[in-house]
Structures are given as structure tokens and as C-alpha cells.
1. Taking the residues in the stretch 295-337 that are in contact with a Phe, Trp or Tyr (Cβ under 8 Å, 6 or more places away or on another chain) and in a loop (DSSP other than H, G, I, E, B) as candidates, determine which candidate is nearest to ASP50 (Cα to Cα).
2. Considering only residues of the stretch 142-153 that are in contact (Cβ under 8 Å) with a residue 12 or more places away in the chain and assigned to a loop (DSSP other than H, G, I, E, B), which is farthest from the chain's Cα centre (by Cα)?
3. Condition (residue is crowded, with 17+ Cβ neighbours inside 10 Å, in contact with a Phe, Trp or Tyr (Cβ under 9 Å, 6 or more places away or on another chain), under 16 Å from ASP400 (Cα atoms) and of a type in the set (A, V, I, L, M, F, W, C)) applied to the stretch 239-256: is it met by at least one residue?
4. Does the stretch 79-91 include one or more residues that are hydroxyl-bearing (Ser, Thr, Tyr), assigned by TED's automatic domain parsing to the domain that holds SER151 and within 16 Å of the chain's Cα centre (by Cα)?
5. Considering only the stretch 203-223, state which residues are closer than 16 Å to GLN402 by Cα and in contact with a helix residue (DSSP H, G or I) (Cβ under 6 Å, 6 or more places away or on another chain).
6. Is it the case, given these coordinates, that LEU396 is part of a helix (DSSP H, G or I), outside the structural domain of ALA289 (by TED's automatic domain parsing) and surrounded by 14 or more Cβ atoms within 10 Å (Cβ to Cβ)?
7. Looking only at the stretch 324-357, count every residue that is surrounded by fewer than 15 Cβ atoms within 10 Å (Cβ to Cβ) and of a type outside the set (Gly, Ala, Ser) and tell me the total.
Amino acid sequence: MILRHVAVCALALVTLAVAPARAQDDEGARPNFLLIVFEDMSPHIGAYGDPVAQTPVLDAFARQSVLYEAAFTTAGVCAPSRAALAMGVPQQSIGAQHMRVSSGVTLEDGSRLPYTAVPPPYVKAYPELLRRAGYYTSNNGKTDLQIGLDSYRGGPFTIWDDSDAAHPWRGRREGQPFFAMVNVMETHESWTFPLDLAPDAHPMAARLGAQLREALTGRQPVHSPSEIVVPPFLPDTPMVRAELAQMYDNIHYYEQTVARLLGELEEDGLLDETVVIVTTDHGDGIPRAKRSLYDSGLHVPLMVRWPGGQGAGTRDGQLVSFVDIAPTILRLAGEEVPGWMAGRVFLGSGTGPERGYVYAALDRHDEQPDFARAVRDDRWKYIRNYQTELPFFRHLAFRDMQRSMQELWRLHETGELPPRLEQYFTAPRPEEELYDTWADPYEMTNLAQDDRYGRVLARMRGALERYQERFEDLSMTDELAMVERMWPGLEQPVTSAPVIEETPAGLVRLVSQTPGASIGYRIDGGRWQLYVEPLGIEPGQRLEAKAVRYGFAESAVSSIVGG
């Protein structure tokens with residue numbers, strides 16, 4: 001476990017030949033993995049009991065799968081959530097908690113410096129660990145892991161065989177097992193923005209408006225605004241209903257991605273060899289859901305289809321956190337789960353004791369600072385607000401393009417919001433919040449000051465405090481101090497170039513002097529491969545190698561020509 005952000009690996013020389021890749025004739029026994037991640041989507045699926053959702057594809061998938069009823073992300077916004085998903089640790093323990101690091105930390109002169117999170121040297125994204133074990137790893141263009149200046153698309157080059165794959169698995173070699181992550185971006189909050197966005201509303205306004213006009217041309221509405229159930233944390237106005245209906249329509253139209261991928265797996269004879277997981281990066285992309293610590297922002301669908309149909313059509317009520325996905329996939333692949341991972345294996349053989357709690361974090365969103373933490377058990381939610389002087393709703397340029405947010409601002413400015421909504425525009429916020437999610441699923445009634453729930457409050461507060469003792473929270477210092485710790489002198493550290501050594505057996509070994517660096521190589525200008533163990537090169541072949549530690553700049557390229 002990460003018991004504090006301690007420095008380990010004091011070796012001056014680090015070799016990455018940690019575990020040999022499995023022989024290819026062993027690969028057929030291991031399952032493939034297809035991870036489908038919808039964006040900005042709570043469980044608006046008929047199989048989850050949503051009375052409005054028209055989701056025939058996802059409902060059919062649920063009948064083939066184990067449906068997890070209590071799965072939660074570690075943040076209500078994508079990049080921090082994806083960092084925890086990929087690394088299997090809380091995002092705030094590795095400096096990946098702010099949305100986003102690429103938008104930069106504010107310097108003393110008021111300018112902003114884009115930076116990257118720098119995890120401890122032993123922390124690796126689980127797709128890289130799978131790649132090291134012989135898996136082909138791919139992503140369809142959105143990684144957003146916060147550990148590289150180009151992490152929105154790609155990130156460290158050692159994680160993926162292809163980070164912008166035209167097809168999830170067809171780029172692999174024959175018989176090679178694969179892990180493919182496919183992001184369904186069309187359910188993102190921006191796909192519900194108005195078509196007539198003012199060009200000066202946001203730097204992305206013109207592009208988003210054009211994207212929406214193209215997507216909606218000729219598309220017939222499926223969900224009527226009149227049938228929408230407006231959550232009590234939003235005003236019930238025609239604009240809000242129209243936005244929510246479009247959100248439901250996006251899910252309906254783009255769930256077809258699941259049908260297409262399942263059909264292609266069957267076409268390629270891989271359906272009975274592949275574990276298919278469907279989830280979302282966090283909850284709905286609407287105000288007080290996205291960028292929040294309420295269930296509307298953290299509770300997500302999670303369905304797992306087993307190759308042999310085990311558990312098809314069943315439901316599982318255990319608490320599952322996004323940090324559980326990394327160790328679970330590694331265990332299913334037959335790999336050892338690193339001790340520093342924070343999650344537990346929640347399915348398959350070797351599952352540990354069920355979770356008592358799940359945890360989540362809220363930090364800076366774009367230009368607006370914030371700092372809050374949450375813990376939830378199967379019934380109770382506790383939130384600790386550290387910046388109570390800041391109202392929950394403040395102007396955020398991207399979110400302000402939403403029709404529902406525009407309605408909230410309009411009604412706030414005219415004094416027409418009911419108290420239950422007006423509270424989100426006022427300060428101070430309560431230092432503590434406590435909700436009974438059974439009686440109050442939308443978390444509208446704060447019970448923290450009710451003496452009848454004093455024991456529950458103390459228990460939940462204690463659970464959060466123990467968690468914070470176990471995992472360092474880098475938001476306990478300000479963001480600039482955190483960045484200076486990761487980037488001394490506010491300059492991105494650079495990975496040392498690999499040293500190319502010849503072994504007594506005549507093979508080539510690659511080593512780096514940067515603790516925690518991953519090394520890649522290519523021969524005669526081919527695709528970059530992940531270095532695992534000493535390799536041979538033929539006379540006249542040119543071998544190039546480069547290294548990267550997560551959060552550092554890539555090294556220079558070292559090269560050698562076989563003699």
C-alpha cells in the first residue's frame with residue numbers, strides 16, 4: 001500500500017527487466033479485456049431501474065452480465081477519476097487530483113504553469129503492467145491520466161501499444177491477448193450544450209457548436225422533455241427538461257457502440273475469450289452532479305460480461321470503488337497485484353473481504369479552487385468541506401455553457417430559486433455534511449447538525465480520518481507547494497537516457513539511472529515496444545531506446561547498431 005508519498009528505490013541504477021513476458025504459446029489461456037467507458041453518465045439504464053431511459057442495447061448487455069448496483073468513482077470529474085482508475089490509487093495521493101493539471105497551477109505573478117502529476121517511482125498504470133506481461137494494450141484516443149503534458153491523448157508512451165487506435169484489438173499480433181479501453185465521448189456534458197453557443201463563451205465554443213449541429217442533423221428525438229424526472233437539485237424549467245432529454249437521447253444513440261463492439265468480437269471469434277466491462281468515468285454531466293461529491297456525480301453503472309456467461313443476469317450489491325478495477329483486472333489476467341495498490345479484487349477467484357467504505361475527493365476545477373473529501377458506506381455519506389468560505393456554485397466558463405447552469409444563474413440573480421437550491425450559491429458552506437442515502441437518495445437534507453445522528457457522524461468522520469492517515473493527501477498543502485515538490489524549481493524533471501549494455505550472452509540490456517523509469521525500444525524505426533528483458537539484435541539492425549518516468553519529460557534517444 002502507499003502509506004505516504006515516501007521515496008523508495010534509492011538505487012543509482014534501475015533495470016526494467018523485472019518480469020519476463022510470457023511465451024506466446026501461453027497467451028491463449030489468458031482472457032482478453034474490453035473496457036468500455038461512457039462519459040458523464042449516471043446509471044440512466046433501464047436495467048438499473050430508470051423509468052425514462054430507453055436503452056435496449058445496455059439492457060440486453062445487463063442480461064448477459066453481472067450488474068453491480070453500488071459502484072462509485074473516486075471523483076465527480078474525469079481526469080482525476082481516470083488517474084485513479086489507471087493507477088489503482090487515490091488521485092490525491094499522487095498529485096493527480098486537480099482538474100486538470102494541464103490547465104496549470106497559478107504562480108505568484110498570476111500566470112499559470114501547466115504541470116504533470118509525478119507518482120512515486122513504483123506506481124505504474126495497470127495497462128503498462130499488462131503490456132509488460134505480453135498483452136496488447138490500446139486506447140481509442142482519450143487517456144487523460146494527468147501524468148504527462150500530453151496525457152489527454154496518450155500520456156507516457158510505455159502504457160499503450162496504440163493510444164489512438166483505429167480499432168481496439170485488430171492491431172495486435174495473431175493470438176496475442178489484449179486489453180482495450182474504448183471511450184464513448186458522445187455522452188459528455190458538452191453534447192448537451194445549446195447549438196447557438198456564443199463564440200466568446202469559451203475557447204472551445206465554436207468547435208463544440210459545430211460538433212453538435214453535425215451530430216443532431218437528422219436525428220429524431222427519443223425522449224420527450226415532458227416525461228423527464230427533474231432531480232430536486234435542478235430547477236424544473238423547459239430549458240432544463242430539454243437538456244436532460246437530450247442527455248437521455250445521447251445515451252440511447254451511442255449505446256450502439258456496445259452492440260457494434262460485441263458484434264465485432266463475435267465476428268473475430270473472440271467473444272468467448274473476452275471479459276467485457278461497461279462503466280462510466282463518473283456521474284451525470286449536469287450541475288451538482290459532475291464536479292461534486294454527491295452520488296449524482298460518483299455513482300456509476302458497472303456491468304461485467306464473463307466469457308462463459310457466469311452470473312449472467314444477476315445483481316451484486318457490494319460496494320465497488322474505481323481503485324478496485326486495476327487489481328481485479330490484473331488478478332484475472334493471472335498477474336500479481338502490487339502491494340501499493342489501494343483497491344481490492346472484487347470478482348473472480350481470490351476476492352478479499354467486502355468493502356465497508358468508498359472514498360472520493362473534490363479539488364480545483366479549471367480556474368476555480370476547491371477542497372473537499374467524502375466517504376460512503378452502503379447507506380451513509382459524509383462530506384468534509386475544507387474551503388467553507390467558497391460557495392459551491394461559482395462561475396466556471398465551461399460549465400456555464402450548459403443550459404441548466406444558465407437557468408440556475410438566471411434564477412439566482414432574480415431571486416427566484418427556492419432555498420434548497422439557493423444554498424449552493426451562498427457561503428459559508430457547512431464544514432460537515434451527512435446524508436442518509438436510503439431516505440434521501442438525492443442528498444438534499446444535511447443531517448450533520450442533528451444530534452440524533454451523532455454516532456453515525458462520528459463513525460463516518462473517523463472512517464475518513466483513518467483513510468487520510470493511510471494515504472497521503474497532497475491537497476493538505478497548496479497546489480503550488482505540491483507542484484514545487486514534484487517539479488523542483490517549477491521545471492519538469494527529465495528522464496535519464498537509457499544505457500545500452502551487452503550481456504555475457506550477447507544480448508542487449510537497457511537500464512536507466514532514473515528511479516521508476518519505464519523504457520521503450522524500437523528496431524529499424526518500427527513501433528516502440530516496452531522493454532522487459534534483454535533482447536537480441538541482428539547485425540546491421542539499429543536499436544533505439546528511450547525512457548520515461550511518469551510525470552517526467554521523456555529522455556533523449558540512445559541507439560546502437562548491431563555488429
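The values are calculated or read from the model by the stated rules, or taken from the named source; none is laboratory data. Quick caveat: nothing in here was measured; it's all calculated off a predicted structure. Reconstructed Cβ throughout: ideal geometry from the backbone, glycine too, with neighbour counts over all protein chains shown.
1. Looking at the filtered set, the residue picked out is ALA312.
2. LEU149
3. no
4. Yes, the stretch 79-91 contains at least one residue that is hydroxyl-bearing (Ser, Thr, Tyr), assigned by TED's automatic domain parsing to the domain that holds SER151 and within 16 Å of the chain's Cα centre (by Cα).
5. LEU208
6. Working: part of a helix (DSSP H, G or I): no; outside the structural domain of ALA289 (by TED's automatic domain parsing): yes; surrounded by 14 or more Cβ atoms within 10 Å (Cβ to Cβ): yes.
Taking the combined requirement at face value, the residue does not satisfy it.
7. Residues flagged as surrounded by fewer than 15 Cβ atoms within 10 Å (Cβ to Cβ) and of a type outside the set (Gly, Ala, Ser) within the stretch 324-357 amount to 4.
For every residue, the table says whether it meets (1) small (Gly, Ala, Ser); (2) in contact with a Pro (Cβ under 8 Å, 6 or more places away or on another chain); (3) loosely packed, with under 14 Cβ neighbours inside 10 Å; (4) more than 18 Å from TYR359 (Cα to Cα).
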{"position": "PRO430", "(1), (2), (3), (4)": "no, no, no, yes"}
{"position": "ASP440", "(1), (2), (3), (4)": "no, no, no, yes"}
{"position": "ARG455", "(1), (2), (3), (4)": "no, no, yes, yes"}
{"position": "ARG466", "(1), (2), (3), (4)": "no, no, yes, no"}
